[in-house]
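Q: Please read through the structure below; I'll follow up with questions.
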Amino acid sequence: MDGNLLFYSNLNRAGVSTRLDDTGDLVTLREFAPESFGAWTDVASDGRRLLFYSSGNRAGVSAELDDSGDLVTLREFAPGSFGAWTHIASDGRRLLFYSNLSRAGVSTQLDDSGDLVTLREFAPGSFGAWSHIASAGGQLLFYSNLSRAGVSAVLDETGDLLTLREFPRESFGAWTHVASDTRRLLFYSNGNRAGVSAELGRNGDLVTLHEFAAESFGAWTHIASDGARLLFYSNGNRAGVSTLIDDSGDLVTLREFAPELFGAWTHIA
């Protein structure tokens, strides 16, 4: 799975598996016709496998992409198997399910068979009210684009969540996306097309690397990562650009994809 990207549409339930090559070009591996997938609201990755989840009927499927880009189903989870979650995040090994309605959660791990092992349950009210959860360097960052507050945390081996640093209201800008290349974070606004790259220190502090002024970016709806690079995509004009965050936090453009080169996708994982 690591290094591959899966594009999925929950409108026609089609998809395509791809890989970014060293030049940033996107290589198609396998196309999946309409109705190949279920109707999923979330697609998450633990770095090795994928989890498809529906917040409507609370069903799911675990799967993995093989070397040819084919999707191998591991385990199907019947309706009602899951709680009602608004977010699924990963620290690169485990999955954290979270609801910004009840502020409850559960930490889990996909085993080798694709079954989901519950590690720790967090009662309603255990979390703050967060709009985004992203991971970098094995840590998790919880962020609210309403209060512009945040918390950095880490999942321990038991699945418990340890708070590292709390960021009070107005600590952050007003961002619509928080993406990660697994080492660093990119905050982006599709309103003014500004951004900031940052990294989480060992103590959970956030170190700003580079600030990008308004209009520095295109108007993107999705930002995905293959574990090393970032892919910006718009499901409005179906254009994109592949990039790399360098050691200074600057963003290096690898390849630009003209409008209509992509399909109309709702999820990229």
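Q: Work through the residues other than E256 whose Cβ is under 14 Å from its Cβ and net out their charges, Lys, Arg +1 and Asp, Glu -1.
A: Neighbour charge sum, excluding E256 itself: +1.
Q: Please list, in chain and number order, the residues 5+ apart from L164 or on another chain whose amide H is under 5 Å from its amide H, with Hs placed from the backbone.
A: Residues meeting the criterion, in which the H sits 1.01 Å from N, are S152, A153, V154.
Q: Per residue of the stretch 221-238, what does 6.51 cos²θ - 1.76 cosθ + 1.60 with θ = phi - 60° give for ³J(HN,Hα)? Whole Hz please, x for Gly and Pro, Karplus curve as stated.
A: For the stretch 221-238, the Karplus curve yields 9, 9, 10, 10, 9, 8, x, 9, 10, 10, 10, 9, 9, 10, 8, x, 9, 6 Hz.
Q: Over its Cα atoms, what ratio of radius of gyration to 2.2 N^0.38 Å does the stretch 127-221 give?
A: Details: Rg = 13.0 Å, N = 95, 2.2 N^0.38 = 12.4 Å.
Against the empirical 2.2 N^0.38 Å value, I get 1.05 for the stretch 127-221.
Q: Report ³J(HN,Hα) in whole Hz for each residue of the stretch 153-164, in order, from the Karplus equation J = 6.51 cos²θ - 1.76 cosθ + 1.60 where θ = phi - 60°; Gly and Pro get x.
A: Computed from phi, the couplings for the stretch 153-164 are 8, 9, 8, 7, 5, 8, x, 6, 9, 9, 6, 9 Hz.
Q: I'm a student and want to see the number: the projected area of the Cα convex hull of the stretch 160-212, averaged over all directions, in nm². Show your work: numbers first, answer last.
A: On the way: hull surface 17.4 nm².
Averaged projected area of the stretch 160-212's Cα convex hull equals 4.4 nm².
Q: How high is the relative contact order of the stretch 191-269, in percent, with contacts defined as C-alpha pairs under 8 Å that are six or more residues apart?
A: 22 percent
Q: In angstroms, what radius of gyration and Dmax does the chain have, counting Cα atoms only?
A: Rg and Dmax of the chain, Cα atoms, are 17.7, 47 Å.
Q: What whole-number distance in Å separates the alpha-carbon centres of the stretch 224-261 and the stretch 166-218?
A: Each part reduced to its Cα centre gives a spacing of 16 Å.
Q: Report the full-extension gain for the segment T208 to E166: residue separation times 0.36 nm, less the Cα-Cα distance, to one decimal in nm.
A: 13.5 nm
Q: Taking the Cα atoms of the stretch 1-149, what is the range of coordinates along each of the three principal axes, in descending order and whole Å?
A: Extents along the principal axes: 43, 37, 30 Å.
Q: Taking H as built 1.01 Å from N, whose amide H comes closer than 5 Å to the amide H of S55, not counting residues under 5 places away?
A: Residues meeting the amide H criterion: T41, D42.
Q: Can you list residues from other chains, or at least 5 along the same chain, whose modelled amide H is less than 5 Å from the amide H of S90?
A: HN-HN under 5 Å from S90: L96.
Bear in mind that the values in this text are calculations on the coordinates, not laboratory data. Computed from a predicted model, the values in this text were never measured in an experiment. No Cβ is skipped: glycine too gets one built from the backbone with ideal geometry, and neighbour counts run over all protein chains shown.
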